[in-house]
Amino acid sequence: MSAATIQKKADVLVVGAGIAGLQASLDLADQGKQILLVESQPSIGGRMINLSKVFPTLDCASCITTPRMASVAHHPSIDLLTYTEVNKIERTNGKFHASITKKPRYLDETACIGCKRCEEACTTFLPDEYDHSLGAKKAISIAFTNAIPQYPVLDMDECLLCGACAKACPTQCINFMQEPQEIEAEAGAVIMATGYNLTEISAKKQYGGDIYPNVISPLQMERLLAPHGPYGGVMRPSDGKIPDSIAFVQCAGSRDKSLGVPYCSRVCCMYAIKQAMLLSGSLPIADITIYYMDIRAFGKGYEQFYQNAKAMGIQFVKAKVGRISEDENHNPILRVERQEDCSQPEEVTHDLVVLSLGMVPAWIPDRDGIIPLEIGEDRFVRSVNEKITPSLTSMEGVFAAGTMTGPKDIVDTIVEAGAAATEAANYLRSQEGR
Amino acid sequence: MEEEKKLSYTEQIKELRARRGEGSKEKQERSKEQIKAQKAILAAIDKEAKTVPEIAEATGMNTQEVFWWITAMRKYNKVTDETKKGDYIAYRKK
Amino acid sequence: MEEEKNTQSEENESEEIRVGVYVCHCGGNISDVVDTKAVVEALKKNPNVKIAKDFVFMCSDPGQKLIIDDIIENNINRIVVSACSPTLHETTFRKALTRAGLNPYLYEHVNIREQDSWVHKGENEAATAKAIRLTAAGVEKIARQDPLEPIVVNAEGHVVVIGGGVAGMRAALALIKRGLGVTLIEKGDRLGGRALELDRVYPTEEKASDIVSQLENAVRAEKIDVRLNCEIELIEGFVGNFDVQIRGKDSKIDKVRAGAIVLATGFDHYQPYEGEFGYGKSPIVVTLPEFNKLIADMPQSDKFTYKGKDIKNLAFIHCVGSRQMEGVHQPQADGRVNDYCSRVCCTATLHTINKTLDKFPNLNIFDLYKDIRTYGHGHEDYYEKASKRGVTFFRYTDDSIPEYAPSSNGSGATLTMKDVLTWNEEVSIPADMIVLATGMVPRDISNLVGMLKLPTGTDRFLQEVHPKLRPVELANNGIMIAGTCQGPMDITESCAAAGASAAKVSILLSKKTIEMDPYVARVDEAKCDGCKLCLAECEYKGALFMAESYAHVNPALCVGCGACVAVCPPRAINIAGWTLDQFDGMIDAISMEELEPATVPA
Amino acid sequence: MGDHNNMKILLITTMISSYPGANTVGQAHLHYSPGTYIIRVPDPVVFPESFYMRCYEKGIDGIIIMSSGSDCPYEGAYRRLSERVARVYVQMKENGIDPSRLKLTTICTVCKAAFLKEINEMQKNILQARADKEGVAA
């Protein structure tokens, strides 16, 4: 039934269009390389585009990401596929062959004008994954305000099949019968930039992150702080109360063998400090407490950022949080074992608690297939020459960028993406003579 | 391919509903529930702005569910923020 | 054909100015304070403005599309966007103009966020009035703007890399493999830099010497032009065409022409002042690099002997020379404290502690820290291992920095502090030897900083343009940075930075020419009366000269400072894009009393 | 606040240091008077004496030239600028304009406190100059 398979050819196949994939693509395309950039989500921009502001400069995340998104979308040397999955990548005769599936959005992208009338007409509300389920979307919707491209996706599993969207569409572009489009691509090199997931909020049973409505993930807090967040301000999910007392529990998903995440996730200290600073800006009278083991403000300008936060009155308490419960009004109660000042464990009630979750790889080769790259003990893709060429994977011609090789902040991710681009360009050149 | 293109969206829907069978009913039911919840909340804030706990009391729904619907209807311009009432925002039907 | 061209150009000259104004909400960042609709309405009354609109995110794709559509469909030929700072999105919108077929310099970016809505919260009316005047000033400026063309210069396909450490070698290798010529300049008598001081490196436990020789062999195999015992005498020129003068050991000067420069000048170890934790006063106090050197060749033993004395208790103190607080720590020579974290010392210290315990399992080791920052891949393992092996950790704060006191018999010392981990109990730690985990300070490259006017931060390290937008580039066009000259990094991070800077150099030199902004002096031949007053003002040799009775500019050498502009009586010389007429127009708009012209002048 | 709102202060900033400095103040969400208008130039050395005099004629109350000082990337520009400002002071005096309404200063990319201090001082100067003028008139 589906249309004939489309053939594509590029110098470099880049998998993942988060900040790492975008940067690697631009750094190669600006050198004249032809790029095929494949993103599984409806929009490019990755995790970064949904953050509020970024440390330590407090630039709005969108302001840093959107220029790159627009440059990628308009670059004459970048062929961009969104809402598209890579199924398999094989290396034969020094070339990479990828089988790729473009998932149906159930509309004709060449006709869609991104007017959102379909979304307005739709009557089915669903949790919005871009707001980490805090907010709502429709069964047909554009991912977020500044998404690229501005085409909606129809969630066929949830669609009522009422036809309201098709009726409202001024260009008649809705096609309920659309089939996946198969694509076969050939490339000279591959850059993998598949990013990270947060550790599961339910993983640590003692914290009840999946049970208590006011115990939230850091990405949910990012949305609450974002200019176009789901609530239009910082409120708590259980009842819309503007919180007076907010706590961050550090290392809630890292440095914890019981969770299978013994490593430090590198960014949690800084994002918690940043969120605390932004909170104290928008809720000047609120008490904000960060329960931590060590504050790891190691990057350029990070220590100074941490000291500013202390000077602003954010409370840093060296303590272990043993468990979390809640009272009848959904106020989270933390059992805190201070490691300074006082020895007795105490129970402290807050209005809202953020679990500073860690990072795990979003894609794991031996679990998810696609391409058999070696992984390390931590399950991130292993660099085979970590000190000198961190982007080198176990397969010749395949390079890694960003958080797929380990937790990393945005600055380190962008730098490493540039390094991966250099390696890919030089690999292509080394293959020319063969 | 050629044939499908010729199908109008109403014909497409008819065919897909047939394929779906019983699954359709379940979704219809959920849709009714969704409409009911929205109506109840909008009725509660038609005349005066109310906070989430106040709406919950008026409608008998739980606060978390009410807040999610307020968020949804705020996004799609059916509800607007009115004033701050204590630690809460009072919402009004637009 | 010829005639047609003439008509075309005449048409262009008499072309009506049609400005489009676009006001961004920035998702509330602006519109929560500035009434963007009022700005639009006020600007609509400006005679040069044909279209004025507001939008939630002008930088987004649909925002840019508004502009493109208006250029194509409504013949808009000048664009003003009032939004965030131009440093963020000026180029974004210039590119949009190009896509619409309009000269990208017919664009003015007005800042109503960082310099208006964000600083005038609560004064919404006044902030709106300001936004209107600033936007009107933007309109006045762009109405007086001619289309500009970028300056094109030839790009030398050769790169000078300064610094032969790991980062420098790594950058040099990436560049030569890319097909560019490379000269690698090292001050010392061999390649390898600071890595030469190390034994094994975390977390791979490779020998540092292996890493260095692996790189050095590759550098030799690729036939990179390596200059040992050499320093930079002078760098002149500009992006694409730098003239680098290299002074050898014999003081002979050699010249190399380069399209770009990569700085990989590295770091120095923080040197404790005399008496800092007893350093310099007592032989038992050493820095971490000194200690590493000391134990490198020691055989495994039950006993650790240092200067003829058995060492039983060994103390390590973190954050020496890093994370300093004003008023607590003694300032550095320039009066500032090192308020930054040196990033590598926590893991390096724990790495050394484990190595020490491998060799001397009977030692008592005390670790005095503020925070343990074992952030990277495999780092935490060293911390855990040290804890398991019985290392005693004490946490100090800036309120209770360990106090050093030599013991009465003079052979050891006591460190006294309040231990946060045991509820601020005062502890006295006996130490037969003390190791100070000293941080990184930038290598003194003041000659280069002065010569090239390189930007440095408050931490004295070289300052990138923007940590996320342009992390390995300096504001100096054509000069990149790699490694610890930018800030503390480990070898992995330095190599990644070197790779990233190689990418930026490759982009710059991938074509034979480089395009540069056209903001340089321009002479209106008809106005120039040949008075030569401007010549005396120009500091740049060859940039400004007289020929055929009027002043001429060499655009590749002119830096666009404008010193010549101010002294020209007939205003014949101006900086393209920043003319005095444009500024006069802006001042008119800023000083206008009424926000909207009452009547549109005929 | 009312006094300050009927005041127009022109801040001449440089691309390399004081314009980004003004952005730093914005990013920190600090507050200053909205009667401040920032223009950016490669370097203020571009302006002839007549430019400043025209600004006062047009009703600008005060001008702060926020130069790059030692960070200035242009050879000799700062020296030329300070010499020019000295000549502007002479012209201001000749035309009965209080010299405290012009200030040459240096602002870096992170000089938040200094930036605000200069604006506050200029506001005081302008009020004082106005009072002095009224005093003379009376």
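What the table shows:
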| item | result |
| --- | --- |
| Among the candidates A:A98, A:A29, residue that is surrounded by 18 or more Cβ atoms within 10 Å (Cβ to Cβ), more than 12 Å from every other protein chain (Cβ to nearest Cβ) and more than 30 Å from A:I273 (Cβ to Cβ) | A:A98 |
| Which numbered condition A:T403 misses (of (1) facing another protein chain (nearest Cβ under 9 Å); (2) hydroxyl-bearing (S, T, Y); (3) more than 11 Å from A:I191 (Cα to Cα); (4) in contact with a strand residue (DSSP E or B) (Cβ under 8 Å, 6 or more places away or on another chain)) | (1) |
| Failed criterion for C:E493 (all others in (1) part of a strand (DSSP E or B); (2) at pLDDT 95 or above; (3) acidic (D, E) hold) | (1) |
| Criterion (within 14 Å of another protein chain (Cβ to nearest Cβ), over 30 Å from C:V19 (Cα atoms) and modelled with pLDDT of 95 or more) met by exactly one of C:K187, C:K177 | C:K177 |
| Flag if C:M586 is closer than 27 Å to C:V139 by Cβ and either of a type in the set (A, V, I, L, M) or within 14 Å of chain A (Cβ to nearest Cβ) (or both) | yes |
| The lone exception for B:T80 - which of (1) at pLDDT below 95; (2) more than 8 Å from chain A (Cβ to nearest Cβ); (3) part of a helix (DSSP H, G or I) it fails | (3) |
| Hits in the stretch C:380-391 - residues which are more than 7 Å from every other protein chain (Cβ to nearest Cβ) and within 11 Å of C:L350 (Cβ to Cβ) | C:D381, C:Y382, C:Y383, C:E384, C:K385, C:A386, C:S387, C:R389, C:V391 |
| Where C:V19 falls short, out of the listed (1) more than 25 Å from A:S71 (Cα to Cα); (2) modelled with pLDDT of 95 or more; (3) not acidic (D, E) | (1) |
| Selection count where residues are over 13 Å from B:A90 (Cβ atoms) and in contact (Cβ under 8 Å) with a residue 12 or more places away in the chain, scope the stretch B:47-59 | 1 |
| Any hit, the stretch C:404-425, residues being in contact (Cβ under 8 Å) with a residue 24 or more places away in the chain, more than 14 Å from C:F316 (Cβ to Cβ), surrounded by fewer than 18 Cβ atoms within 10 Å (Cβ to Cβ) and in contact with a helix residue (DSSP H, G or I) (Cβ under 6 Å, 6 or more places away or on another chain) | no |
| Total residues in the stretch C:530-582, condition assigned to a helix (DSSP H, G or I) and in contact (Cβ under 8 Å) with a residue 40 or more places away in the chain | 3 |
| Scan of the stretch D:45-68 for residues that are in contact (Cβ under 8 Å) with a residue 40 or more places away in the chain and more than 7 Å from chain C (Cβ to nearest Cβ), ordered by number | D:E49, D:Y52, D:M53, D:Y56, D:D61, D:G62, D:I63, D:I64, D:I65, D:M66, D:S67, D:S68 |
| Scope the stretch C:114-125; condition buried (at least 23 other Cβ atoms within 10 Å of the Cβ) and more than 7 Å from chain D (Cβ to nearest Cβ); matching residues | C:D116, C:S117 |
| For C:G193: the one exception among (1) more than 28 Å from the chain's Cα centre (by Cα); (2) within 17 Å of C:A171 (Cβ to Cβ) | (1) |
| Single residue of the stretch D:9-30 satisfying the filter (surrounded by fewer than 23 Cβ atoms within 10 Å (Cβ to Cβ) and part of a loop (DSSP other than H, G, I, E, B)) that is modelled with the lowest pLDDT | D:A28 |
| First in the stretch C:469-484 and more than 15 Å from C:T265 (Cα to Cα), second anywhere and among the acidic types (D, E), Cβ under 7 Å, 6 or more apart | C:R470/C:E464; C:P471/C:E464 |
| Where a residue in the stretch A:230-255 is of a type in the set (D, E) and its partner, wherever it lies, is in a loop (DSSP other than H, G, I, E, B), with Cβ under 6 Å and at least six apart | A:D244/A:A286; A:D244/A:D351 |
| The lone exception for C:C538 - which of (1) hydrophobic (A, V, I, L, M, F, W, C); (2) touching a Pro at 6+ places or on another chain (Cβ under 9 Å); (3) buried (at least 19 other Cβ atoms within 10 Å of the Cβ) it fails | (2) |
| Test for B:K14: is it charged (D, E, K, R) and either assigned to a loop (DSSP other than H, G, I, E, B) or more than 30 Å from A:T5 (Cα to Cα) (or both) | no |
| 2 or more residues more than 30 Å from A:Y427 (Cα to Cα): qualifying strands (runs of 3 or more DSSP E) within the stretch A:92-189 | A:125-127, A:136-138 |
| From the options C:I445, C:I429, residue that is among the β-branched types (V, I, T) and touching a Cys at 6+ places or on another chain (Cβ under 9 Å) | C:I445 |
| Residue list for the stretch C:161-187, restricted to those being of a type in the set (V, I, T), closer than 16 Å to C:S510 by Cα and surrounded by 24 or more Cβ atoms within 10 Å (Cβ to Cβ) | C:V182 |
| Residue that is buried (at least 18 other Cβ atoms within 10 Å of the Cβ), touching a helix residue (DSSP H, G or I) at 6+ places or on another chain (Cβ under 6 Å) and more than 14 Å from chain C (Cβ to nearest Cβ), where the choices are A:I295, A:I288, A:I371 | A:I288 |
| Residue in the stretch C:460-475 that is part of a loop (DSSP other than H, G, I, E, B), crowded, with 23+ Cβ neighbours inside 10 Å, of a type in the set (G, A, S) and more than 10 Å from chain A (Cβ to nearest Cβ) present | no |
| Residues within the stretch C:79-110 that are touching a Leu at 6+ places or on another chain (Cβ under 6 Å) and either within 14 Å of chain A (Cβ to nearest Cβ) or over 14 Å from C:V21 (Cα atoms) (or both), tallied | 2 |
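The values are calculated or read from the model by the stated rules, or taken from the named source; none is laboratory data. All values reported here derive from a predicted model rather than from experimental measurement. So basically every Cβ, Gly included, is an ideal-geometry build from the backbone, and we count neighbours across all protein chains shown.
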